[in-house]
Amino acid sequence: WSRVVVAVDGPAGSGKSSVSRAAARALGYEFLDTGAAYRALAWLGLDRGIDFDDEDAIVSLLDELGDGISTDPDDLRVTIGGTDVTEDIRQPRVSKVVSAVARVPEVRTRLNEGFRSRLNAPGRPGIVAEGRDITTVVAPDAPVRVLLTADEGVRIQRRRAELTDQSAADVARSVTDRDRKDSKVVDFMTAAEGVTTLDSTDLSFDETVDAMVALVRSAA
Ligand code: C5P
């Protein structure tokens, strides 16, 4: 790698995004939210009204996706062809269909190529990349690899705090359903060999960020 790559994986609601972003900021690194690319592709599919069982239709959207994910942890924007979709891609309607997009092998291959070139791009001295298969597929040789976990009940609680307009049952279902679907494609529930598990169940947000920063400082 041309710079320090910090690979972070974990299930829905583990705090991956917010913790990785804060750690990147503290370290003066960039931040790559790979889930945003899958979400952007799902958003595009909804916008075009495609059938999510049709893999060819999903793959054909890849060319339109572009490279609209910023890696500045202080200004994270997602754009598709000039349209800002930063907030839209977090909507439940996108979360519901994103796993269908993520299970298409050609989607994963193509997005992964883009992620690797972003990791190696010139810029800050390091980059924290977060997703489901960063420690195992995208950057298995990264100098720092972390699996961020938390008990399922805690993860559901944290998601509920973010999605206050949804019922408790809906939030719980969306977390468990998405993990179940995603787990069929990549394993992010158990740490691969050499990957450090960081369990945030009993840690505050700041404590989790500090632990991640300490892991990077000791390894990088
Ligand atoms: O991390 P986030 O919840 O935003 O990810 C959205 C979806 O993108 C996941 O549910 C999963 O289907 C997919 N994803 C993936 N591989 C990654 C990152 C995300 O399959 N590296």
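Each reported figure results from applying straightforward, stated rules to the coordinates on display, with no laboratory input. This structure is a prediction, so every number in the text was calculated from the model and none was measured. With ideal geometry, Cβ positions are generated from the backbone for all residues, glycine too; neighbour counts draw on all protein chains shown.
How many nm is it between the label spots at Ala220 and Ser204, if each spot is 7 Å from the Cα in line with the beta carbon?
Simple spin-label model gives 2.4 nm for this pair.
Report the one residue of Val78, Phe52, Ala23 whose Cα lies farthest in the direction of the positive end of the charge dipole of the chain (charges on C-beta: Lys and Arg +1, Asp and Glu -1; origin at the Cα centre).
The listed residue farthest towards the positive side: Ala23.
Give me the dipole magnitude in Debye, nearest 20, for the range 93-220 about the Cα centre, with unit charges on the beta carbon: positive for Lys and Arg, negative for Asp and Glu. It would help to have the intermediate numbers written out before the result.
Details: 20 positive and 20 negative charges, 127 e Å.
Dipole of the range 93-220, to the nearest 20 debye: 600 debye.
Let me check I have the definition right: for the chain, take the eigenvalues of the Cα gyration tensor, multiply each by 5, take square roots. What are those semi-axes in whole Å, largest first?
On the way: eigenvalues 127, 91, 52 Å².
So the equivalent ellipsoid measures 25, 21, 16 Å along its semi-axes.
How much mean residue ellipticity at 222 nm does the chain get from its helices, if each DSSP H run of length 4 or more adds -39500 (n - 2.57) and you divide by all residues, to the nearest 500 deg cm²/dmol? Spell out each step's value before the answer.
On the way: 9 runs with 106 residues, N = 220.
Result for the chain, helices only: -15000 deg cm²/dmol.
Taking square-rooted eigenvalues a ≥ b ≥ c of the alpha carbon gyration tensor, is the range 176-220 rounded, prolate or oblate, where a/c under 1.5 means rounded and, failing that, a/b exceeding b/c means prolate?
On the way: a/c = 3.31, a/b = 1.60, b/c = 2.07.
Oblate shape, in that a/c is at least 1.5 and b/c is the bigger or equal ratio.
Could you give the size of the charge dipole of the chain about its Cα centre, using +1 on the Cβ of each K and R and -1 on the Cβ of each D and E, expressed in debye and rounded to the nearest 20?
Numbers: 28 positive and 38 negative charges, 56 e Å.
Its charge dipole is roughly 260 debye.
Bin all alpha-carbon pair distances of the range 132-220 at 5 Å intervals from 0 and give each bin's fraction as a whole percent.
2, 13, 19, 20, 20, 15, 7, 3, 0
Restricting to the chain, compute how many DSSP beta bridges are antiparallel as a %, nearest 5. Write down the numbers at each step before the final one.
On the way: 3 of 21 bridges.
Given both bridge residues lie in the chain, the antiparallel proportion sits at roughly 15 percent.
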